[in-house]
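The values are calculated or read from the model by the stated rules, or taken from the named source; none is laboratory data. This is a predicted model, so every value here is computed, not measured. Quick reminder, even Gly has a Cβ in these numbers, built from the backbone with ideal geometry, and neighbours come from all protein chains shown. Only protein heavy atoms, including side chains, enter the accessible area calculation; ligands, DNA and RNA are left aside. Shrake-Rupley method; radii C 1.70, N 1.55, O 1.52, S 1.80 Å.
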Amino acid sequence: MKKLMSWLMLVVTVSVALLGVFAQPTYAATAVTDDSLARVKEKGTLVMGTSPDYPPYEFLVNRGGKERVVGMDVDIAKKIAKDLGVKLVIKQMDFDSLLVALETNKVDMVISGMSPTAARKKSIDFSKVYYKGGQSIIINKADKGIYKNKNSFQNKAVGAQTGSIQYNLGKNQIKGSTVKGLAKISDLILALKSHKVEGVIMEEPSAQAYVDNDPDLAMINGKFSLSSGENNTAIGFQKGSTSLVNAVNKSVDEINQKNLTKSYLKHAGTFMKTNTKNTSMWHYAGYFVKGVEYTLLITVVSVFFGILLGILFALMRLSKMKLIHGLGVAYIEFVRGTPLMIQVMFVYFGIGLFINIPALIAGIIAVSLNSAAYVAEIIRGGINSVAKGQTEAARSLGLSQQQTFVSVVFPQALKNIWPALGNEFVSLIKESSIVSIIGVTDLIYQLKAVQTATYKGVIPIIVAMIIYFVLTFSLSKVLNHYERKMKHDA
Amino acid sequence: MPEMIAVENINKKFGDTEVLKDLNGKVEKGQVICVIGPSGGGKSTFLRCLNLLEKPTSGKISFEGTELTALNESQINQLREKMGMVFQSFNLFSNMTVVENVKLAPIKVKKMANDDAQKLAVKLLDQVGLADKADQYPASLSGGQQQRVAIARALAMNPDVMLFDEPTSALDPEMVGEVLKVMQDLANQGMTMVVVTHEMGFAKNVADEVWFMDGGVFAEKGTPDQIFEHPQNERTQDFLAKILEA
Ligand SMILES: Nc1ncnc2c1ncn2[C@@H]1O[C@H](COP(=O)(O)OP(=O)(O)OP(=O)(O)O)[C@@H](O)[C@H]1O
Ligand SMILES: [Mg+2]
């Protein structure tokens, strides 16, 4: 038994070490003294967090199969980085995740068409305002006669980006309306076209971009009553980064004095034109290929660690030692009792407070740890399904418990559980899509990127659906092949 | 000469049920002991205590002068190498071919080279008449063939004693003979054997001693002649009468 345990400990140590290789230590989350500016200068990079689905502020373009974030906010960030004498690094994620990313040091600043509201000011600091725009509502062109301004939407459904100003405007200023919150603007437009919502509240420049690029859409002035925070746009920082904010404000002052946003918007417009010229899915094949690569990478690595850890947790749960058994049960039940989505966010943002884990690695860790709990239960069932006589025969020959497990019990358990394990892998391909919320560019993430880039909602969904099906179907076929190979009896 | 196996006052309880009660017995080198008795009498439990697949609740078992009950895990493993065991349900490893079944323990436990293990396995399979089945999986063999492979597998560790737990009870009648024949050959070669069996013919012809077990005790021990021709104990007489009727 001791030998077995030390062997298991080795597996854990190696797994943890392998995962750890990718992680680097980070600075303490909140320094008492403000060294925000010094820190940026020292590392030589300025990390900007943004949700690039908000043209013309920020959006993705495809250049020679490679995608890139562009837009007014990116030009602003470039100027700031240049003024500070550091390199700009852009991190993409959902709008929802931006504030947490600041708090957990994932990014140095957030430029994402974000308004400095009183509520946000409680948790983060803002630069001076760099852009003032009104709030518009996008509608279907066919409905142009019906909707005039926000008051036309009484008792109707409207959409807005989750966690955004627009969401609150809808909630608070349109009587009796239901506000549907979605993370991606592209999904909101889809919802509008299928009349799930009748209007989408958006900042004016963004609305303009969508209307310019889609002949079926129209925009109206929302006529919302806006406090100064709500139609303004500013740059967000971690609370207490006064030195960095002050430095950035110098750049913002210059932008305002020279009215640079005007030329930035024009620059963004040029991308949008080239963007819309080619909306064939072939043109975006590179997006999908990259998405498939990441989806497969996450799945394969997670399956590997999921099995290793799954064996470990299964053995822990089968252990006769009370403490180890209890830990095994606790882990398995806890992981199975909480959603993968929360686990992904916990690993990325929660653990990220102490160790700076890149999003991809965080996603892989979370999916592996999650899968391990399910695999553990499958393996436990498999081990229990091996007849007791097999173990007794092996032990009577002098094989140790560990040798018996490795040579006799596990291979037979594996054969018994192969179909169930196969199901787990297939569903992992699908479930790993949740990592897109922390900005991992898997297939789902790329699907949204293509939707944003092409202003087309449904076709990219169909393409992604077919790709997912091809992936899972071929995997099933391969697994069936091995299942047949393993059948010795009957 | 010390006995190969000596059992002193062993008891075994499963929860509150006392299955073995103060058993004593000695097995000498080269002896064949047949244990007979009614179902539920504790025969299997007794046999499984000998190689510690079951731990006796109290009492002492020694094997070749070593007291087993005081050993740790790895010492027990070493000891089990020298005690081959054959089960009623064969228990061949279903994930391995016949020859792999036989080779496994020599390679894993004795660290024998694969070539040597292969030669040994083929020799032993030949001895039990199954050299031609070497590369088949157990599931494709008949019960009698599987049990003969199981015997070869146990012999591959070159044990000093072989323990058999009703090796023919799960077999169709026409296959019983081939297995008993292999066991008889083993006995003739001088193998020390403890055999739990319902095959009275085998016990009569092959055993040096017959131990009759009932209710967790050895109710009577003696030569085959004493037990089968002149049983003293009432329970032995009852048991034999019932067997002969059937
Ligand atoms: N693991 C166990 N837990 C509880 N009781 C057990 C266990 N193993 C055996 N017993 C009980 O111990 C008693 C003796 O069982 P054992 O298998 O040794 O008898 P046996 O003489 O081999 O019988 P048979 O001829 O049917 O094989 C039986 O009453 C049985 O129910
Ligand atoms: Mg029995």
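Hey, does the range B:160-178 have a residue that's over 13 Å from the mean Cα position of the chain (by Cα), within 14 Å of chain A (Cβ to nearest Cβ), at positive phi and open to solvent by 10 Å² or more (accessible area, probe 1.4 Å)? Checked the range B:160-178: no residue is over 13 Å from the mean Cα position of the chain (by Cα), within 14 Å of chain A (Cβ to nearest Cβ), at positive phi and open to solvent by 10 Å² or more (accessible area, probe 1.4 Å). If A:Ser400 meets every condition in (1) open to solvent by 10 Å² or more (accessible area, probe 1.4 Å); (2) among the polar types (S, T, N, Q); (3) free of Cβ contacts under 8 Å to residues at least 24 places away in the same chain apart from one, which number is that one? Condition (3) is where A:Ser400 drops out.
Considering only residues that are touching a Ser or Thr at 6+ places or on another chain (Cβ under 7 Å) and either at the interface with chain B (Cβ under 9 Å from one of its Cβ atoms) or not aliphatic (A, V, I, L, M) (or both), which ones fall in the range A:409-421?
Kept after step one, since they are touching a Ser or Thr at 6+ places or on another chain (Cβ under 7 Å), are these residues of the range A:409-421: A:409, A:412-413, A:416.
Residues satisfying the conditions are A:Gln412, A:Asn416.
A:Val129 falls short on exactly one of the conditions (1) closer than 30 Å to A:Phe237 by Cβ; (2) assigned to a strand (DSSP E or B); (3) over 26 Å from the mean Cα position of the chain (by Cα), and that condition is (2).
Among residues of the range B:55-88 being buried (at least 20 other Cβ atoms within 10 Å of the Cβ) and part of a loop (DSSP other than H, G, I, E, B), the one that is farthest from the other protein chains (Cβ to nearest Cβ) is B:Pro56. From the list A:Gln446, A:Gln451, which one is assigned to a helix (DSSP H, G or I), open to solvent by less than 40 Å² (accessible area, probe 1.4 Å), touching a Lys or Arg at 6+ places or on another chain (Cβ under 7 Å) and at pLDDT below 85? Selected residue: A:Gln446, the only one of A:Gln446, A:Gln451 that is assigned to a helix (DSSP H, G or I), open to solvent by less than 40 Å² (accessible area, probe 1.4 Å), touching a Lys or Arg at 6+ places or on another chain (Cβ under 7 Å) and at pLDDT below 85.
Just to be sure before I move on: is A:Thr441 in contact with a strand residue (DSSP E or B) (Cβ under 7 Å, 6 or more places away or on another chain) and either surrounded by fewer than 21 Cβ atoms within 10 Å (Cβ to Cβ) or closer than 22 Å to A:Gly363 by Cβ (or both) in the structure I sent? Show your work before the answer.
Working: in contact with a strand residue (DSSP E or B) (Cβ under 7 Å, 6 or more places away or on another chain): no; either surrounded by fewer than 21 Cβ atoms within 10 Å (Cβ to Cβ) or closer than 22 Å to A:Gly363 by Cβ (or both): yes.
So A:Thr441 fails the test.
Scanning the range B:102-114 for residues that are part of a helix (DSSP H, G or I) and either open to solvent by 20 Å² or more (accessible area, probe 1.4 Å) or more than 12 Å from chain A (Cβ to nearest Cβ) (or both) yields B:Lys103, B:Ile107, B:Lys108, B:Asn114.
Which one of these is open to solvent by 10 Å² or more (accessible area, probe 1.4 Å), at pLDDT below 90, in a helix (DSSP H, G or I) and more than 14 Å from chain B (Cβ to nearest Cβ): A:Ile378, A:Ile429, A:Ile361? Show your work before the answer.
Working: A:Ile378 fails: at pLDDT below 90; A:Ile429 fails: open to solvent by 10 Å² or more (accessible area, probe 1.4 Å).
When all the criteria are applied, what remains is A:Ile361.
From the list A:Leu244, A:Leu226, A:Leu265, A:Leu315, the one residue that fits, being over 30 Å from A:Tyr374 (Cβ atoms) and modelled with pLDDT of 90 or more, is A:Leu244. Every listed requirement among (1) free of Cβ contacts under 8 Å to residues at least 24 places away in the same chain; (2) farther than 30 Å from A:Ile361 by Cβ; (3) of a type in the set (Phe, Trp, Tyr) is met by A:Phe405 save one, (1). Say whether the condition of being in contact with a strand residue (DSSP E or B) (Cβ under 7 Å, 6 or more places away or on another chain), more than 30 Å from A:Thr45 (Cα to Cα) and open to solvent by 30 Å² or more (accessible area, probe 1.4 Å) is met by at least one residue in the range A:124-145. Within the range A:124-145, one or more residues are in contact with a strand residue (DSSP E or B) (Cβ under 7 Å, 6 or more places away or on another chain), more than 30 Å from A:Thr45 (Cα to Cα) and open to solvent by 30 Å² or more (accessible area, probe 1.4 Å). Can you work out which of the residues in the range B:115-141 that are within 14 Å of chain A (Cβ to nearest Cβ) and outside any helix (DSSP H, G or I) is least open to solvent (accessible area, probe 1.4 Å)? The qualifying residue least open to solvent (accessible area, probe 1.4 Å) is B:Leu141. Taken together, the residues in the range B:1-58 that are within 16 Å of ligand 2 (Cβ to nearest atom) and touching a residue at least 12 places away in the same chain (Cβ under 8 Å) amount to 23. Taken over the range A:381-406, residues that are within 14 Å of chain B (Cβ to nearest Cβ) and over 22 Å from B:Leu163 (Cβ atoms) amount to 7.
Among the residues of the range B:22-39, those that are small (Gly, Ala, Ser), open to solvent by less than 80 Å² (accessible area, probe 1.4 Å) and within 16 Å of ligand 1 (Cβ to nearest atom) comprise B:Gly25, B:Gly37.
For the range A:86-100, the set of residues classified as within 11 Å of the chain's Cα centre (by Cα), assigned to a loop (DSSP other than H, G, I, E, B) and not charged (D, E, K, R) consists of A:Met93 only.
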